[in-house]
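Okay, so here's the structure we're looking at.
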Amino acid sequence: AKLRVGLLFGGRSGEHEVSISSARAIANALSAEENADKYEIVPFYIQKDGFWQAGEVAQQVLDSGVAIENSAVTPNLWQFPAQASEIELWFPILHGPNGEDGTIQGLLSLMQVPFVGSGVLGSATGMDKIGMKVAFAQAGLPQVKYQALTRSQIWSNPCVFPKLCDQIEAELGYPCFVKPANLGSSVGIAKVRSRSELEAALDNAASYDRRIIVEAGVVAREVECAVLGNDQAQASIVGEITFDSDFYDYETKYTQGKADLLIPAPLPEGIIQRIQEMALLAFAAVDAAGLSRVDFFYVEATGEILINEINTLPGFTATSMYPQLWAQTGIPFAKLVDQLIQFALLRHSGEQ
Ligand code: ATP
Ligand code: MG
Ligand code: MG
Ligand code: MG
């Protein structure tokens with residue numbers, strides 16, 4: 001009998017559309033010749049308002065690739081479509097808050113059904129840039145200098161705020177990067193070069209998240225490595241992103257032609273090996289499972305490699321970095337999806 005796979009996509013984050021594209025690519029792979037006998041796809045679509053759709057509506061979004069705007073129904077994340085009880089394995093392909101951050105993973109854990117990707121701890125630690133950096137530091141991974149702040153430090157106390165800015169200027173200098181701690185796709189991130197820009201960026205980041213991080217800016221090449229597996233995970237070859245814009249912001253990420261992926265990255269063999277080692281250390285440091293894309297800064301002048309972040313549910317469209325890195329490492333898209341499901345089953349069984 002075929003394994004009934006619940007493909008869970010859409011979601012409440014700003015990466016809703018990316019999630020739909022990722023789900024379409026995965027559904028395609030699951031119905032490819034080598035997988036069609038093994039898996040039955042059951043689509044579950046989470047609307048932007050959080051309402052779960054199954055059946056025809058979910059299938060329609062999967063087929064058309066077009067999001068459904070808020071319907072008349074009352075948003076209620078806890079009202080599951082009846083089909084949920086028949087799912088034998090969940091494949092969540094949701095990016096950002098309420099999908100990549102451990103919330104959905106907690107729900108799926110409660111269901112006691114295997115699911116693809118990291119569990120609660122790995123997802124939450126991978127999503128929160130402050131928690132992530134603490135875990136990376138503990139694992140001895142080099143990274144940029146940073147300061148962690150809360151929204152209340154920025155908003156509630158007009159006496160504290162100037163001191164906070166003084167401290168950031170003294171310890172990090174300009175340019176620095178202001179980021180909401182729990183987002184993706186560069187949403188809410190600003191590169192700042194002056195006091196007034198810093199103040200505005202902190203205020204803006206605080207509108208997205210309770211937790212805010214400010215990082216020293218680094219001039220470097222941006223390289224990424226894909227990880228696949230559980231306790232004995234493997235690292236892919238390394239890819240590089242190139243672009244002309246000031247940094248890899250939202251527009252550069254999602255406007256056709258603004259960024260190029262270079263696979264493999266033209267790097268010395270020793271650097272590649274070090275990046276792969278660091279990617280596996282990072283994966284273990286946050287307790288990731290199944291898959292992750294680990295992003296690095298390579299400072300060519302000094303040979304330094306700094307870890308930027310881990311993404312536990314990276315973009316998974318046909319043209320995304322994660323599946324492309326594996327394709328060129330020797331695991332084509334359909335095989336990759338099959339392996340992710342097998343790793344989920346292994347992890348659920350408690351073996352690894
Ligand atoms: P993703 O979509 O990969 O999840 P994200 O929203 O988590 O991205 P980051 O990867 O932290 O955001 O940062 C986005 C981009 O901003 C980086 O790819 C890089 O171009 C730039 N950037 C971030 N931090 C720094 C830094 N400390 N120094 C230089 N550039 C930076
Ligand atoms: Mg990220
Ligand atoms: Mg992300
Ligand atoms: Mg990134």
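Ignoring ligands, DNA and RNA, what percent of the 1.4 Å accessible area of the chain is carbon and sulfur? Numbers along the way, then the final one.
Values: 7650 of 15160 Å².
Carbon and sulfur together cover 50 percent of it.
Among Lys48/Lys129; Lys191/Lys258; Lys129/Lys253; Lys129/Lys191; Lys48/Lys191, which pairs are too far apart, with a Cα-Cα distance over 26 Å? Distance filter (> 26 Å) returns Lys48/Lys191. For the stretch 281-352, the list of GluC sites (Glu not before Pro) that fall in a loop by DSSP and count at most 13 other C-beta atoms within 10 angstrom reads Glu300, Glu351. As an exercise, identify the trypsin sites (Lys or Arg not before Pro) in the stretch 138-234 lying in DSSP coil whose Cβ has no more than 15 other Cβ atoms within 10 Å. In loop regions of the stretch 138-234 (DSSP not H, G, I, E or B), the sparsely surrounded trypsin sites (Lys or Arg not before Pro) are Lys145, Arg193, Arg210.
Going by a ≥ b ≥ c, the root eigenvalues of the Cα gyration tensor, does the stretch 169-221 fall in the rounded group (a/c under 1.5), the prolate group (a/b larger than b/c) or the oblate group?
Since a/c reaches 1.5 but b/c is at least a/b, the shape of the stretch 169-221 is classed as oblate.
Projecting label points 7 angstrom from Cα along Cα→Cβ for Cys165 and Asp231 puts them 5.2 nm apart. Sparse packing (at most 14 other Cβ atoms within 10 Å of the Cβ) combined with a DSSP loop state is found for the following chymotrypsin sites (Phe, Trp or Tyr not before Pro) in the stretch 245-286: Phe247. Short-range pairs are left out: with C-alpha atoms under 8 Å and at least six residues apart, the relative contact order of the stretch 139-240 is 31 percent. Ignoring lysines fewer than eight residues from Lys38 along the same chain, the ones with Cα atoms less than 26 angstrom from its Cα are Lys2, Lys335. How big is the antiparallel share of DSSP beta bridges in the chain, given as a percent to the nearest 5? Of all bridge pairs located within the chain, approximately 75 percent are antiparallel. In the assembled protein chains, Arg293 presents an accessible area of approximately 40 Å² (probe radius 1.4 Å).
Of the listed peptides 85-96, 230-241, 56-67, what is their order by residue-averaged count of other C-beta atoms within 10 Å, with the highest listed first?
Numbers: 85-96: 21.7, 230-241: 18.2, 56-67: 14.8.
Ranked from most to least packed, the peptides come out as 85-96, 230-241, 56-67.
Note on the chain: helix-only mean residue ellipticity at 222 nm, from DSSP H runs of 4+ residues weighted -39500 (n - 2.57) and normalised by residue number, equals -11500 deg cm²/dmol.
Given a Förster distance of 45 Å, report the FRET efficiency between Glu197 and Glu69 from their Cβ-Cβ distance, rounded to the nearest 0.05. Mind dumping the intermediate values first?
Working: r = 35 Å, r/R0 = 0.77.
Calculated transfer efficiency: 0.80.
Rolling a 1.4 Å probe over the protein heavy atoms gives the chain an accessible area of 43 Å² per residue.
Residues Met111, Met278, sorted by accessible area with the largest first, give Met111, Met278 [1.4 Å probe; ligands and nucleic acids excluded].
The values are calculated or read from the model by the stated rules, or taken from the named source; none is laboratory data. Keep in mind that what you see is a predicted model, and the values were worked out from it rather than measured. For neighbour counting, all protein chains shown are included, and Cβ atoms are generated from backbone atoms with ideal geometry for every residue, glycine included. Side chains included, ligands, DNA and RNA excluded: accessible areas come from the protein's heavy atoms. Shrake-Rupley method; radii C 1.70, N 1.55, O 1.52, S 1.80 Å.
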